[in-house]
Amino acid sequence: MRILVMNPNTTASMTASIRATAASAAAPGTEILATEPLWGPESIEGHFEGYLSAAAVLDRLATLDTPYDALVMAGFGEPGREGAQELLDVPVLDITECAAQMAMLLGHAYGVVTTLDRSVPQIRDRLLTAGLLQRCAGVRGTGLGVLELEEDPERTVAVIIETARGLVRDGAEVVCLGCGGMAGLQERVAAELGVPVVDGVAAAVKFAEAVAGLGLTTSDRRSFAPPRPKAIGSWPLSRYLVNGASVPSAGLSAEVSADVFSDVAPDARAQTSGI
């Protein structure tokens, strides 16, 4: 089984840490591939960057011809999962929903510790849309930016623990790490808190293995039916980036079709990310 893990930002070092966490959670025989978009924000801290990243992720997916059995979207609270479900014929798992679902198997109420406070409403909205907010005891920001998480690992862990303690006081029986950049920190945080701590990347990999292993995939009825063929200007942009060509004017366009998945060889991209 091959699982593709998509880091929604363009920071390759974060892709590497996400890949390592996914690989450590994967069962023997499961191959983990990881990548990031060829363009877009270096980190995602708000709605504007989130939607920009979602477009870049879909663009990247449309130009990959490496086969895989499931996709893990490694942005916590970020948009784009539904678009990927329309675009692909493999299961698509989101770390936000997988973390919350896993947490609810382990306790009555869960909490989420994330990066900046401005991300809290976005995560709450995502949980609400997914039907998972009712058992959420709270979402708290650490005050750390996404890229700050890698600058001082010891400080990052300490701040996450202190923030998570507030969630436990609020009634959380399980804590979810609310950023892909926190991948791999769950054991250290759990040791201090004394409650289960769920890493969304690891949880999504295990859910992906289960869903793909059962031979299941996204329903193509109604909500996630494939995109209707139509002209989309300069789509996909990554085709021009990897080939070093100039982007055509808005008057030129391509159509969404099955052919778009095999137009670009995976080894011809502008950035290297493991696939």
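The values are calculated or read from the model by the stated rules, or taken from the named source; none is laboratory data. Here the structure is a predicted model, which means the values were calculated and not measured. Backbone-built Cβ (ideal geometry, glycine too); neighbour counts: all protein chains shown. These area figures cover heavy atoms from the full protein model, side chains too; ligands, DNA and RNA do not enter into them. Shrake-Rupley method; radii C 1.70, N 1.55, O 1.52, S 1.80 Å.
Prolate is the label for the chain, because a/c, from the alpha-carbon gyration tensor with a ≥ b ≥ c as root eigenvalues, is 1.5 or above and a/b exceeds b/c.
Rolled with a 1.4 Å probe across the full set of protein chains, the surface gives Lys230 an accessible area near 110 Å².
Over the chain, what relative contact order in percent results from Cα pairs under 8 Å that are six or more residues apart?
Details: 588 pairs, mean separation 64.9, N = 275.
After rounding, I find 24 percent.
Note on the chain: helix-only mean residue ellipticity at 222 nm, from DSSP H runs of 4+ residues weighted -39500 (n - 2.57) and normalised by residue number, equals -11500 deg cm²/dmol.
Would the stretch 17-78 count as rounded, prolate or oblate if I go by the C-alpha gyration tensor, calling it rounded below 1.5 in a/c and otherwise prolate when a/b exceeds b/c, oblate otherwise?
Working: a/c = 2.65, a/b = 1.57, b/c = 1.69.
Because a/c hits 1.5 or more and a/b fails to exceed b/c, the stretch 17-78 counts as oblate.
Applying 0.36 nm per residue to the separation of Ala27 and Arg135 and subtracting their alpha-carbon distance, the gain on full extension is 35.9 nm. If a/c stays under 1.5 just call it rounded; otherwise compare a/b with b/c (prolate if a/b is bigger, oblate if not). Do that for the stretch 123-181, with a ≥ b ≥ c from the square roots of the Cα gyration tensor eigenvalues. In terms of gyration-tensor shape, oblate. Packing, taken as the mean count of other beta carbons within 10 Å per residue, orders the peptides 171-181, 103-113, 214-224 from highest to lowest as 171-181, 103-113, 214-224.
FRET efficiency for Thr66 and His108, Cβ-Cβ distance as r, R0 = 45 Å, nearest 0.05? Provide the component values of the computation, followed by the final result.
On the way: r = 41 Å, r/R0 = 0.91.
Efficiency at R0 = 45 Å is approximately 0.65.
Please work out the Cα center distance from the stretch 88-139 to the stretch 142-168, rounded to the nearest Å. Rounded to whole Å, the Cα centres lie 18 Å apart.
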